[in-house]
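Heads up, the thing below is written out as structure tokens.
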Amino acid sequence: MTHKIWLSSPHMGGTEQKFVNEAFDTNWVAPLGPNVNGLESDIESYIGENKKVTALSSGTSAIHLALIMSNVIAGDEVLCQSFTFSASANPILYQGATPVFIDSEFDTWNMCPLALEEAIIDRIKLGKKPKAIIVVHLYGMPAQMDKIADIANKYNIKVIEDAAEALGSTINGRACGTFGDFGIFSFNGNKIITTSGGGALVCNTFEAKQKAAFYATQSRDDAAHYEHSYIGYNYRMSNICAGIGRGQMEVLNQRVKQRRGNYDFYFNNLDKNKFTFLNEPASYFANRWLSTVLVSESNNFNREDVRLALEKENIEARPLWKPMHLQPIFEKYPYYGNKVSETLFDIGLCLPSGSNLTKKDLNRVLKVINSI
Ligand SMILES: *Cc1c(COP(=O)(O)O)cnc(C)c1O
């Protein structure tokens, strides 16, 4: 049988092991060290805007710390994009807070500003002003940050930008992850670059960065013995993982180019009467972490037919994220919107998108799809 084509698999650049070996040679085999500091400054230079970055054990832990640092506590409400991976919303429950889900719009597939404002007005009317907004740049397509920031400012609500899938994406040249009060990145194995597992929190000040590192290392007060005045977490990134990250940062721009190349291939070769694509709005630049298509409902085949045909040929494809307001764990929470995300979930498909796919791999995918 021909080799498996994965949706998105790790793609090493070549220098990762050098940084990992350095960690071994100097015995920095710990959740701190030169690679952790080095990766943080690499990300800071890459995203610019004078932001400060704390390297963490995952994107999920970064979202959790962003909520804590936005003073979200038990009983609070947090507005969260419904169309996303569950990791965007789970940390709201870790805090004992209540998620309020917001639908998407068709231009970016991300948080709908109209539904967002409708929700804020309604929650305030009910006596519960939301504490924070979690907006996601899904599949690397930037959300409508200008409109969302305007609404957040108008009602004075903190914005947490889940850029787990959007490292390398920009709006008007400004990096996703730098628009909110906090931003987060993920370096899980399937993301555009990986540390095997890891994440980062983007902060506005050096003090906030230090505070995040404090919480992430069990909130140890300044004392010779172990003294604790705050709840602590074990969320810091390993210096070994950070070494992988430093190597990956050297090839990030190449990875963005390769992922965008996959998208262009599908866009140029698939039948536009059968498949629709999400174009970049003007001044938006998407890293195209995953290439996605909508399978037109007028076809004599549907999304599942495409997915199963690919699966039969040892090719991994996935439906788009199932909206959170439809998930058993989240369905009891409030939701605002017009079922845009439900439509996307019903007809959308993620195609193989790894930066390590060859032209031959892509042609193999195309041949299977065209044969349906
Ligand atoms: C991957 C991902 C996360 C979580 O990141 P981890 O590093 O896996 O914890 C959060 N949000 C979105 C949108 C993601 O895709």
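The values are calculated or read from the model by the stated rules, or taken from the named source; none is laboratory data. In this text the structure is predicted, and so the values were computed from the model without any measurement. Please note: Cβ atoms are built from the backbone with ideal geometry, for glycine as well, and neighbour counts cover all protein chains shown. Side chains included, ligands, DNA and RNA excluded: accessible areas come from the protein's heavy atoms. Shrake-Rupley method; radii C 1.70, N 1.55, O 1.52, S 1.80 Å.
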>> Can you find, within the stretch 78-101, the residue that is nearest to I134 (Cα to Cα) among those that are touching a residue at least 60 places away in the same chain (Cβ under 8 Å) and more than 16 Å from the ligand (Cβ to nearest atom)?
In response: V100
>> in contact (Cβ under 8 Å) with a residue 24 or more places away in the chain, open to solvent by less than 40 Å² (accessible area, probe 1.4 Å) and not assigned by TED's automatic domain parsing to the domain that holds V135: which single residue out of S104, S8 fits that description?
In response: S8
> Are any residues in the stretch 85-101 within 23 Å of S291 (Cα to Cα), surrounded by fewer than 24 Cβ atoms within 10 Å (Cβ to Cβ) and in contact with a helix residue (DSSP H, G or I) (Cβ under 8 Å, 6 or more places away or on another chain), and if so, which ones?
Replying inline: S86, A87
> Quick one: would you say A223 is open to solvent by less than 60 Å² (accessible area, probe 1.4 Å) and farther than 24 Å from P142 by Cα?
Replying inline: yes
>> Residue under question is S70, and the condition is that it be modelled with pLDDT of 95 or more, surrounded by fewer than 23 Cβ atoms within 10 Å (Cβ to Cβ), more than 15 Å from the ligand (Cβ to nearest atom) and farther than 25 Å from C241 by Cα; does it hold?
In response: yes
>> With the structure loaded, tell me whether T194 is more than 10 Å from the ligand (Cβ to nearest atom), assigned by TED's automatic domain parsing to the domain that holds L65 and open to solvent by less than 20 Å² (accessible area, probe 1.4 Å) or whether it fails that test.
In response: no
> For the stretch 121-139, does any single residue satisfy the condition of being touching a Phe, Trp or Tyr at 6+ places or on another chain (Cβ under 7 Å) and either within 16 Å of the ligand (Cβ to nearest atom) or at pLDDT below 95 (or both)?
Replying inline: yes
>> Based on this model, can you work out whether Q248 counts as over 20 Å from V136 (Cβ atoms), buried (at least 24 other Cβ atoms within 10 Å of the Cβ) and polar (S, T, N, Q)?
In response: yes
> open to solvent by 80 Å² or more (accessible area, probe 1.4 Å) and of a type in the set (F, W, Y), is that true of F19?
Replying inline: no
> If S341 satisfies every condition in (1) among the small types (G, A, S); (2) more than 23 Å from the chain's Cα centre (by Cα); (3) in a helix (DSSP H, G or I) but one, which is the exception?
Replying inline: (2)
>> Looking at the stretch 235-246, can you tell me whether even one residue there is more than 14 Å from the ligand (Cβ to nearest atom) and free of Cβ contacts under 8 Å to residues at least 60 places away in the same chain?
In response: no
> Counting just the residues of the stretch 316-352 that are open to solvent by 40 Å² or more (accessible area, probe 1.4 Å) and aromatic (F, W, Y), which one comes out nearest to the ligand (Cβ to nearest atom)?
Replying inline: W321
> Across the stretch 154-184, which residue is surrounded by the most Cβ atoms within 10 Å (Cβ to Cβ) among those that are acidic (D, E) and within 16 Å of the ligand (Cβ to nearest atom)?
Replying inline: D162
>> Please pick out the residue among R288, R236 that is surrounded by 22 or more Cβ atoms within 10 Å (Cβ to Cβ) and within 28 Å of F24 (Cβ to Cβ).
In response: R236
>> Only one of L114, L79, L56 is under 18 Å from A152 (Cβ atoms), among the aliphatic types (A, V, I, L, M), crowded, with 24+ Cβ neighbours inside 10 Å and at pLDDT 95 or above. Can you tell me which?
In response: L79
>> With the requirement that a residue be touching a Gly at 6+ places or on another chain (Cβ under 7 Å) and part of a loop (DSSP other than H, G, I, E, B), what does the stretch 261-306 give you?
In response: A286, N287, R288, W289
